[in-house]
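A short worksheet on the structure shown next.
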Amino acid sequence: MPAWKAAASRRSHILHEIGLHFHTMTEQTTPPSPTPNERRSRQRVPVRVPVKVRYHGEEHGGLTRDLSSSGIFLYSETAMKPGSKLELVIMLPPDLGLGAGGWTLCQASVVRVEKSEGKRVGIAATLDRIAVLPEIS
């Protein structure tokens, strides 16, 4: 088991022990009026942070372009297909409306894949589930 997955598993166990669990991202807020090409339910914030992506049982690195409480756009060198399920480990910044931020384990669904520079591809995904993980000392 990869080290990040083992740490996430330990943190998930701790969350379970203290009664915290994954929560589905279903905030009861009114989404902005959509433009004809805009499908996002939350405003994205430009944020460049590294992200670990687990896809088809393999770990891949990536870099975010932007984030919201319900979605992410990241760059990866691994091609993925729309509809694919991902696990992401990411350090969320505190200004996304998810509390203090911190290490987070997310389950995501790919909604769009774009060609990018070189070998990289751009991946837009919804964040289906998210858990802010406690720090382990």
- Test: residue in segment 80-87 that is touching a residue at least 12 places away in the same chain (Cβ under 8 Å), within 18 Å of Leu133 (Cα to Cα) and surrounded by 14 or more Cβ atoms within 10 Å (Cβ to Cβ): yes
- Message: Looking at segment 26-46, can you tell me whether even one residue there is at pLDDT 85 or above, surrounded by 13 or more Cβ atoms within 10 Å (Cβ to Cβ) and among the polar types (S, T, N, Q)?
- Response: no
- Item | Residues satisfying the stated conditions in segment 54-79, i.e. touching a residue at least 60 places away in the same chain (Cβ under 8 Å) and among the aliphatic types (A, V, I, L, M) | none
- Note on the structure: Across segment 85-114, the tally of residues that are in contact with a Pro (Cβ under 7 Å, 6 or more places away or on another chain) and assigned to a strand (DSSP E or B) stands at 4
- Message: Taking the conditions exactly as written (of a type in the set (Lys, Arg) and in a strand (DSSP E or B)), does Lys52 satisfy them or not?
- Response: yes
- Message: If I filter segment 66-75 for residues that are at pLDDT 75 or above, assigned to a strand (DSSP E or B) and loosely packed, with under 14 Cβ neighbours inside 10 Å, do I get at least one hit?
- Response: no
- Message: Against the condition assigned to a strand (DSSP E or B) and either under 19 Å from Val47 (Cβ atoms) or under 14 Å from the mean Cα position of the chain (by Cα) (or both), how does Ala131 come out, does it pass?
- Response: yes
- For Pro82, indicate whether it is assigned to a loop (DSSP other than H, G, I, E, B), at pLDDT 95 or above, more than 12 Å from the chain's Cα centre (by Cα) and not polar (S, T, N, Q). yes
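The values are calculated or read from the model by the stated rules, or taken from the named source; none is laboratory data. Given the structure is predicted, the values throughout are model-derived calculations rather than measurements. Neighbour counts run over all protein chains shown; Cβ positions are idealised from the backbone, glycine included.
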